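> First the structure, which I've put down as structure tokens, then a few questions once you've had a look.
The values are calculated or read from the model by the stated rules, or taken from the named source; none is laboratory data. These numbers were taken from a predicted model, which means no experiment stands behind them. For neighbour counting, all protein chains shown are included, and Cβ atoms are generated from backbone atoms with ideal geometry for every residue, glycine included.
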């Protein structure tokens with residue numbers, strides 16, 4: 001008699017990320033909690049053992065009876081057990097790429113803090129990564145065995161109070177804080193030493209849910225699951241780390257457009273054309289960044305409406321080129337950052353799903369500097385899959401710069417025409433500017449008709465004609481120019497001095513950054 005699939009015990013899985021500063025005891029905590037280890041658990045990597053630190057993600061698990069409120073599986077066979085998969089992340093600053101990758105598959109973060117040292121640099125970075133990637137967190141105060149017994153409880157309470165104050169403005173406000181000693185006596189202590197505080201920690205984590213199987217038969221797997229796959233007649237040495245996905249769910253892209261939000265803890269500006277480490281999917285790659293936003297008249301958010309990147313991106317809209325990311329402090333009293341986006345141009349192609357989380361960092365910052373290296377975050381909105389995207393696709397991205405040129409009126413030729421100068425260089429191709437509108441400082445509007453002579457001068461047609469007061473102003477200037485020199489020789493051919501020229505010419509236009517023809521456009 002064969003066993004019915006429905007008669008098998010059904011397990012509800014939950015992925016728990018173990019993050020924190022290097023040497024805070026994350027792996028010891030994972031070992032103390034786990035009953036089942038995978039081939040990648042507890043620093044089995046020889047290099048990890050040699051260096052004494054975690055170098056890659058470790059996976060292990062433990063199982064408890066499923067609580068009553070989680071047994072229901074939507075009308076299907078009820079869950080019998082609740083399994084926790086622990087994702088042990090590295091803590092060293094240089095391995096932040098691996099940390100971010102691990103954080104994207106977890107449902108709950110356990111932030112491990114050394115009770116003696118408190119919040120350290122990578123503790124803060126892990127906290128920030130958790131805010132971007134998962135909804136819930138438990139803080140584990142580890143190494144309480146190092147505190148003097150007579151002062152232990154007061155020291156723990158003091159640290160808990162300090163942590164709650166640190167987390168007050170984060171999404172993890174009032175999260176549980178559990179004090180433990182995952183490995184009493186330190187790494188060299190005998191294995192007979194029982195961990196302290198672990199039962200209390202398990203009671204906290206029983207409240208959360210997700211799906212995966214560990215060393216148990218499953219009919220399928222989903223994003224975040226850790227599964228073993230048996231492939232017959234296959235040499236595992238030929239397999240490299242990669243992605244397994246539903247066909248069509250991933251795209252390999254050479255550039256991308258993302259929504260952007262600066263991370264408040266990052267000090268300094270985010271400059272266009274600068275290079276950042278971009279973490280997208282499970283890859284971190286260098287990319288050149290171009291920031292852009294809505295035209296200046298549209299960028300200030302209403303004081304009554306928070307700016308939350310609800311303005312949808314579309315290729316049909318025009319956008320304003322920004323030399324750097326614009327913060328709300330510069331935009332107005334509301335203090336909210338306006339909606340803005342970024343073009344990422346990767347140094348090598350990356351494979352990722354649509355709408356995935358994107359994190360921009362400055363990982364080349366000094367590891368020992370007490371500064372946040374995570375600079376901005378957003379969502380991937382559009383990917384360019386063509387390697388020649390700069391020639392074939394970027395022109396449809398209508399990002400523009402505004403340009404302003406100023407010259408002077410040299411003289412009047414008739415009531416509807418003037419000659420201008422100092423707007424262009426002698427070698428400028430004036431044919432590119434024919435037909436563009438200009439305005440005089442006296443209020444008249446005109447159109448550039450073409451060049452005049454060989455020195456960069458040009459002719460302007462005034463459609464409505466010059467005003468009488470403008471003609472009088474220009475006439476008085478001409479008289480100053482026409483006065484004789486000391487020997488009675490007329491000096492009208494001399495170039496007039498700037499201070500004697502009262503009428504200026506203004507040319508305003510915009511140019512699209514990715515227009516291959518570099519055309520000048522006026523509204």
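> Return yes or no: is residue 173 assigned to a loop (DSSP other than H, G, I, E, B), free of Cβ contacts under 8 Å to residues at least 60 places away in the same chain, closer than 30 Å to residue 13 by Cβ and in the same structural domain as residue 19 (by TED's automatic domain parsing)?
In short, yes.
> Now for a separate question. Residues that are under 45 Å from the mean Cα position of the chain (by Cα), at least 3 per element: which strands (runs of 3 or more DSSP E) completely within segment 396-461 meet that?
399-414, 437-440, 445-451
Let's see how each residue does on (1) out of contact with any helix residue (DSSP H, G or I) (no Cβ under 7 Å at 6 or more places or on another chain); (2) crowded, with 18+ Cβ neighbours inside 10 Å; (3) on the phi > 0 side of the Ramachandran plot:
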position: 110; (1), (2), (3): yes, yes, no
position: 125; (1), (2), (3): no, yes, no
position: 159; (1), (2), (3): yes, yes, no
position: 165; (1), (2), (3): yes, no, no
position: 180; (1), (2), (3): no, yes, no
position: 188; (1), (2), (3): yes, no, no
position: 195; (1), (2), (3): no, yes, no
position: 199; (1), (2), (3): yes, no, no
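> Can you tell me which residue in segment 289-337 is modelled with the lowest pLDDT, limited to those that are touching a helix residue (DSSP H, G or I) at 6+ places or on another chain (Cβ under 9 Å) and within 20 Å of residue 382 (Cα to Cα)?
311
> In segment 366-381, how many residues are under 20 Å from residue 291 (Cβ atoms) and either in a strand (DSSP E or B) or modelled with pLDDT under 80 (or both)?
Residues meeting the conditions: 8.
> Over 12 Å from residue 410 (Cα atoms) and either modelled with pLDDT of 90 or more or part of a loop (DSSP other than H, G, I, E, B) (or both), is that true of residue 487?
Here the answer is yes, as residue 487 does meet what is asked.
> State whether one or more residues within segment 230-252 are within 26 Å of residue 107 (Cα to Cα) and at pLDDT 85 or above.
Looking for residues that are within 26 Å of residue 107 (Cα to Cα) and at pLDDT 85 or above, one finds at least one in segment 230-252, hence yes.
> Buried (at least 20 other Cβ atoms within 10 Å of the Cβ), modelled with pLDDT under 85 and either in contact with a helix residue (DSSP H, G or I) (Cβ under 6 Å, 6 or more places away or on another chain) or assigned by TED's automatic domain parsing to the domain that holds residue 88 (or both): is that true of residue 43 in this structure?
Answer is yes for this residue.
> Only one residue in 129, 202, 156 is at pLDDT 90 or above and assigned to a helix (DSSP H, G or I), so which one is that?
156
> Determine which member of the set 112, 116, 139 is at pLDDT 90 or above and assigned to a loop (DSSP other than H, G, I, E, B).
Of the residues listed, the single one that is at pLDDT 90 or above and assigned to a loop (DSSP other than H, G, I, E, B) is 116.
> What is the one condition in (1) touching a helix residue (DSSP H, G or I) at 6+ places or on another chain (Cβ under 7 Å); (2) crowded, with 18+ Cβ neighbours inside 10 Å; (3) not assigned by TED's automatic domain parsing to the domain that holds residue 510 that residue 409 does not satisfy?
(3)
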